[in-house]
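Here the structure comes first, spelled out in structure tokens, and everything after it is commentary.
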Amino acid sequence: MPIRIVTTHLEFEGQVEEVRVVLEGEEPPAWGPDTPFQVVGKPTARVDARERVTGAAEYSYDVQLPGMLTAAGLRSPHPHARISRLDASSALAVPGVRAVYSHLNAGDFINPSSGKPVFGNELLYHGDLVALVVAETPEQAREATRAIDVAYEPLPFVTAPDAALAANAPMVNTAVPSNTISDEYPQVYQRGDVEAALAQAEVTIETRMETPAALHNSLETHGGAASWDGSRLTVWSSTQGVFGARQQAAAALGLPMTAVQVITQYMGGGFGSKLGVHRSGLLAAYASRQLGLPVKYMLDRTEENLDAGNRPPSVQAYRLGAAKDGTLAALDLAVIHNVGANGLWSSPVALPAKELYQCANVRTTDRAARTNLGTLAAFRAPGVVEGIAGLEVAIDALATELGMDSLELRRKNFAERYQLLDRPYARKMLLDCYRIGAERIGWETRDAEERRYPGGRSGHLRRGIGMASQLWGGDGGPPAQAIAKLLPDGTAVIITGTQDIGTGTRTVLAQIAAEELGYPLERVRVELGETAHGVFSPMSGGSMTLASVGPAVRMAAVEARKELTEVIGQLAEAPADALDIRNATVFNRETGAEMGGVSTYLEQLGGHEITAKGMRGPNAEDVTVRTFGAQFAEVEVDIGTGAVRVVRIVAVHDCGRIINPLTYSSQIEGGIIQGLGFALTEQRIVDERLGMVMNPNLGDYKAPTIRDIPQIDIVLLNEPNVVANTLGVLGAGEPPIIPTPGAIANAVGHALGKTVTRLPLTPDRVLDMLSTTTERS
Amino acid sequence: MSSPSSNAASVSTSASTTTIHLTVNGRTRTLSVEPRRTLLDALREDLHLTGAKPGCNMGQCGACTVLLDGEAVYSCLALAIECQHQAITTIEGLAHDDQLDPVQQAFIDHDALQCGFCTPGQVLALKSLLLRDPHPDDDAIERAMAGNLCRCGAYPKILAAARSLAGRAS
Amino acid sequence: MRPFEHLTVQAADEAIQALAGGDGGNTRLIAGGTDLLPLLKDGLVNPGRLIDIKPARALRHLTFDADGSLRIGALTTLAEIERSSQLAERLPLLRQSVVDAATPQLRAMATVGGNLLQRSRCWYFRGPFDCWLKGGTVCYMRDGENKYAAIFDQGPCRSAHPSDLAPALVALDATVSISGPAGSRTTPVAEFLAPPTNDERVEYRLRPDEMVTEIRIPAEAIAGHGVYLKAMDRRAWAFALVGAAAQVTILDGKVARARLVFSAVANVPWRATAAEALLVGQTLTPDLAAQAADAAIAGASPLAHNGYKVPLARELARRAILAAANLWTETN
């Protein structure tokens, strides 16, 4: 096949990256709007559901090998301290303990992601790693962490971002002379002249939004099991990216990539926090190599919540200027990020402000503070969840100020083009989403007396309806490869190097392959989650798995089918293009005659397996691909207790063609429920005086339960986006969480006649809002 | 179900390893454990039944749910040595031969799972409810399932699966 | 969790004998274990020996006696209270107090006796802080992250009592039967649960060689009607922000007996006696309920982040009083 190298552009969570891609052969033409389907687009139960409901699915946490040891971490009980003494002798005396690692004996073990030692003697946050115990049983390991004798010299600390950026602030890390990420901060984006436009605007408003640190709390914690056999390291890592994990593990242990294999068959949630092998996986690998025995290190829940990342807190200050008719004239946003002790990037909180509404004069300023808290990690639409909440609440406040319907205000300022690069969107269905959602929720009657006061005006219940918009990339991109193998018995194997992190990747890839091969779904097996046997696929993040790997799988299947019909044609002495394959059976397209199952031909080939390769082609140039959507929320607030109940969410998202409506709706529901948690219940709580996290557990950090969920109405648009990729799909992982907090905040604001300035809307906050007198007119 | 150790007298055990007998999924299993070993760790570490998951080890997530005499409990908060006279059912014991339990089948059909880590616990929590109350209403279902967190947010589908088993359309 | 010896007993007297070693609290009883195991795992208690009292079946019962009083064995689980049709009919307050407590799994394991002996949920107590309740010198809650703290000041510690069941028991004038080497004693739940003091940094009054065997609720308390209302920051599986138990007896149109007891506003269940006094002898009206609710929160001294508990407690009190008399509607 001809080989080409092309340059294409990838967007990952707001950042555009140029990449060079090797392409072999040609992708098939995109599935059109009228392509008929047998498997694609049908609600399909997960192909690996049985393993998941019977306990047969093996997660990293479940890996057990003969002689396997268990590790447990000792974590810093200070926000900033130096280890002045560490004596592990008592810990080593605990029966079953095999090793204790710390900066004293493992100080040369470097984390390749940061270039810094895994064990330092300067601890930068509550939960930073002090030492690792490896023992025969989990109980022994944990008990021994308490037996390590450590003396800490407390150092000055800072946890509030504005304090960290102030002159003479304590240094978060005494080895780093600044508390900001780099000299690229503050980052300023501007177009037009914001100050002049604000000065001239007929109406101006200012709003503020503070969002909390949210903790991922994947039910499977970070970690891995590692086994070193003297020449080869195998790591069962709970990761969203086996290839990245392999690269990190190889670099950390100084091994060639051939000597490392990473396996992730099943993983218990990541939500962005598991893009690599994590320090815990590296430590399992390190200890296994040192001790010559398999070692498992899965974080406990407290370690997880202190040291596995977070959606970092944001403080957003908006200034909006508009004409009396609602035309947006100026948008100014200042964001302060709190990226934790080792943050290397800040989230695109300002992205919606730059892009969502037509506005000639925009300025965004991002300041980023390092603090003595755990470091940020990507968390399902990082930044954009927070930014949409801030911006959409500001738009509602502007609508109130203007005396306009807020949805009308949004329509009026609809952005036709992608303003950052002044080019078109491949497609923008946002106005459709507004229209459909408004109709479903009953937007027109949102101010009706009987709707707003379910128990009458003298009662204690208030209802409100609010909405927010969604934008996200999700078009994926290269590189991503797949192999299709057609086995003699009429089954097929699809090999990729992606992983199914719970989104249903195995199932949609099997559907795509089955469709193109003309095989029934149950004859197609998808192999993924292994570096040793898989072919390269990107990490599962940024809502890009299906849009990246799916087209590669489709191309592999198309190529395999071509070869299959060629082979059958020669065996049957019929022209290949006259052959059709349906249900793994061969038909003569012209005569309609059935010519037997594919296996009757393949079995004649002495075990030969038809093998074909597919790869994801380049992204379209000169156009911006986005998913857009909107959610509408109806809430009921008990003004006596401050309790907020979300009654209903209507979700309308353009995620392109829907391969599997069943798992798609699960994704949408899951995003909404996480968004609801962010809006109402979830927050890391820090004692600023002590610099300590108060709730690093699932008792005090409150993720939603089944009783917290609303009625969720999902509108399935299912419009293929033929510009995006050959499947017409867009990612659906992140879009559904993006508008939920903003929609709920606006619904609560509507119910109470006030503007929300802080999330989450816990009862204490709502009661405080009710006791303040600033009513929205 | 017969129990190998007597239920009639005080039993004293030293802090070191001791032999216990657990009835798991209808089979009597003999293990050598320390008294501090939880039922969860006994199932996973000693019996290699890893369907019950350690999500928090503190009774705050529900992923370790198993049945004790049909009652859903958190196996991370039970000491294995104290479970010698009860029938323990784990997710591995719910299907018989190739026949899935109806709860498992309903979870598959309704896509009541995503990453699947909490799923064994969810299935067993619902099983426990249906053993007590074959036709629960929504309130009863939600109350019975409130002790099992699902971070992926499969709750609407879990509710749909439960409703189908309760004999009601979702 | 450190290694420990393990002993299984079949009856209360065996447990008392085993406790009598006088090993200074090194031996602990274990029943449901839902609080003890987390404490062991966090290293907050480190006994050398555990005595499993679950096989003592005689301590697991719900019995209405001929005189109309109720006895509840200490090993009765919260689930058994929840599922008792007799209780649902005759003592709805008690059943209501447990249905939103914790989760089905925890209620299936947790016992009534253990519920009264559960330790503070204060995150400074549970976390890596040398707080006063653990023998330190400072209550970090007082000037720290205190949104869940007590609003009534009862001494050095500001942790809020977490039990939903205990306020209901106090509202029902329940007593607790305690066995020890010297025999048995009975004490009101309202006295058994007492704020920690310098000498006894614990929320109950039980000697290390004693055990709780039974709860008794007198017939005259059962004669009334009551409710338990609980505010949470999610809709399930949360300790109360505030809980309010009200039990009211109305005779000839007037309040003959009233009890109003809060959870999570003080170190122990907080009985609002001033509110009760306003109600007794009166015809219960929405206005009177509101006055009583105001009286119930008099004297509260909230901290920096728990001021919301004051209006919340007032509102729950108002609703609970009205609901106990079947006067609460959505339009109140």
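Taking every residue in region C:38-50 that is within 8 Å of chain B (Cβ to nearest Cβ) and pairing it with any residue that is open to solvent by less than 10 Å² (accessible area, probe 1.4 Å) and polar (S, T, N, Q), at least 6 positions away or on another chain, the pairs with Cβ-Cβ distances below 8 Å are C:Gly48/C:Thr27; C:Leu50/C:Thr27. Of all the residues in region C:168-207, those that are among the acidic types (Asp, Glu) and without any contact (Cβ under 8 Å) to a residue 24 or more places away in the chain number 3. Any idea which residue in region C:221-274 is farthest from C:Ile297 (Cα to Cα), counting only those that are within 14 Å of the chain's Cα centre (by Cα) and of a type in the set (Ser, Thr, Tyr)? Selected residue: C:Tyr228. Would you be able to say whether some residue in region A:233-240 is part of a strand (DSSP E or B), within 12 Å of chain B (Cβ to nearest Cβ) and closer than 27 Å to A:Ser548 by Cβ? Within region A:233-240, not a single residue is part of a strand (DSSP E or B), within 12 Å of chain B (Cβ to nearest Cβ) and closer than 27 Å to A:Ser548 by Cβ. Can you spot a residue in region C:293-310 that is in a helix (DSSP H, G or I) and under 30 Å from A:Glu682 (Cβ atoms)? Yes, region C:293-310 contains at least one residue that is in a helix (DSSP H, G or I) and under 30 Å from A:Glu682 (Cβ atoms).
Restricting B:Ala87, B:Ala125, B:Ala166 to residues that are more than 11 Å from chain C (Cβ to nearest Cβ), among the aliphatic types (A, V, I, L, M) and in contact with a helix residue (DSSP H, G or I) (Cβ under 9 Å, 6 or more places away or on another chain) narrows the list to B:Ala166. Given the condition of a type in the set (Val, Ile, Thr), within 20 Å of A:Met694 (Cα to Cα) and touching a residue at least 24 places away in the same chain (Cβ under 8 Å), answer yes or no: does some residue in region C:140-155 qualify? Checked region C:140-155: at least one residue is of a type in the set (Val, Ile, Thr), within 20 Å of A:Met694 (Cα to Cα) and touching a residue at least 24 places away in the same chain (Cβ under 8 Å).
Scanning region C:150-192 for residues that are in a helix (DSSP H, G or I) and more than 22 Å from C:Gly25 (Cβ to Cβ) yields C:Leu165, C:Ala166, C:Pro167, C:Ala168, C:Leu169, C:Val170, C:Ala171, C:Val189, C:Ala190.
Being among the β-branched types (Val, Ile, Thr), touching a helix residue (DSSP H, G or I) at 6+ places or on another chain (Cβ under 6 Å), within 12 Å of chain B (Cβ to nearest Cβ) and open to solvent by less than 10 Å² (accessible area, probe 1.4 Å) is not true of A:Ile738. Restricted to region A:405-500, the set of strands (runs of 3 or more DSSP E) holding at least 2 residues that are more than 30 Å from A:Ala532 (Cα to Cα) comprises A:461-472. Hey, does region C:55-62 have a residue that's under 25 Å from C:Asn198 (Cα atoms), open to solvent by 20 Å² or more (accessible area, probe 1.4 Å), over 21 Å from the mean Cα position of the chain (by Cα) and more than 9 Å from every other protein chain (Cβ to nearest Cβ)? Within region C:55-62, none of the residues are under 25 Å from C:Asn198 (Cα atoms), open to solvent by 20 Å² or more (accessible area, probe 1.4 Å), over 21 Å from the mean Cα position of the chain (by Cα) and more than 9 Å from every other protein chain (Cβ to nearest Cβ). Counting the residues of region A:235-258 that are in contact with a strand residue (DSSP E or B) (Cβ under 6 Å, 6 or more places away or on another chain) and either in the same structural domain as A:Ala532 (by TED's automatic domain parsing) or under 19 Å from A:Ile110 (Cα atoms) (or both) gives 6. Here region C:281-332 is the region considered, the condition is being of a type in the set (Asp, Glu) and either open to solvent by less than 10 Å² (accessible area, probe 1.4 Å) or touching a Gly at 6+ places or on another chain (Cβ under 7 Å) (or both), and the residue that is nearest to A:Gly640 (Cα to Cα) is C:Glu315. Restricting attention to region B:13-25 and to residues that are more than 7 Å from every other protein chain (Cβ to nearest Cβ) and open to solvent by less than 60 Å² (accessible area, probe 1.4 Å), the residue that is modelled with the lowest pLDDT turns out to be B:Thr18. Would a scan of region A:681-697 turn up a residue that is open to solvent by less than 20 Å² (accessible area, probe 1.4 Å), of a type in the set (Val, Ile, Thr), over 21 Å from A:Gly742 (Cα atoms) and at the interface with chain B (Cβ under 8 Å from one of its Cβ atoms)? No, that holds for no residue. Screening C:Arg71 against (1) closer than 24 Å to C:Met211 by Cβ; (2) away from chain B (no Cβ under 14 Å); (3) assigned to a helix (DSSP H, G or I) leaves a single unmet condition, (3). Among residues that are open to solvent by 20 Å² or more (accessible area, probe 1.4 Å), in contact with a strand residue (DSSP E or B) (Cβ under 9 Å, 6 or more places away or on another chain) and either at pLDDT 95 or above or within 14 Å of chain C (Cβ to nearest Cβ) (or both), B:Glu82 is included.
The set of residues in region A:313-337 being open to solvent by 10 Å² or more (accessible area, probe 1.4 Å) and farther than 20 Å from A:Leu430 by Cβ consists of A:Pro313, A:Val315, A:Ala317, A:Arg319, A:Ala323, A:Lys324, A:Asp325, A:Ala329, A:Asp332, A:Ala334, A:Ile336. Within region A:529-576, restricting attention to residues that are hydrophobic (A, V, I, L, M, F, W, C), touching a residue at least 60 places away in the same chain (Cβ under 8 Å) and out of contact with any strand residue (DSSP E or B) (no Cβ under 6 Å at 6 or more places or on another chain), which residue is most open to solvent (accessible area, probe 1.4 Å)? For region A:529-576, the residue satisfying everything is A:Met539.
The values are calculated or read from the model by the stated rules, or taken from the named source; none is laboratory data. All values reported here derive from a predicted model rather than from experimental measurement. Neighbour counts run over all protein chains shown; Cβ positions are idealised from the backbone, glycine included. Please note that ligands, DNA and RNA were not included when accessible areas were found on the heavy atoms of the full protein model with its side chains. Shrake-Rupley method; radii C 1.70, N 1.55, O 1.52, S 1.80 Å.
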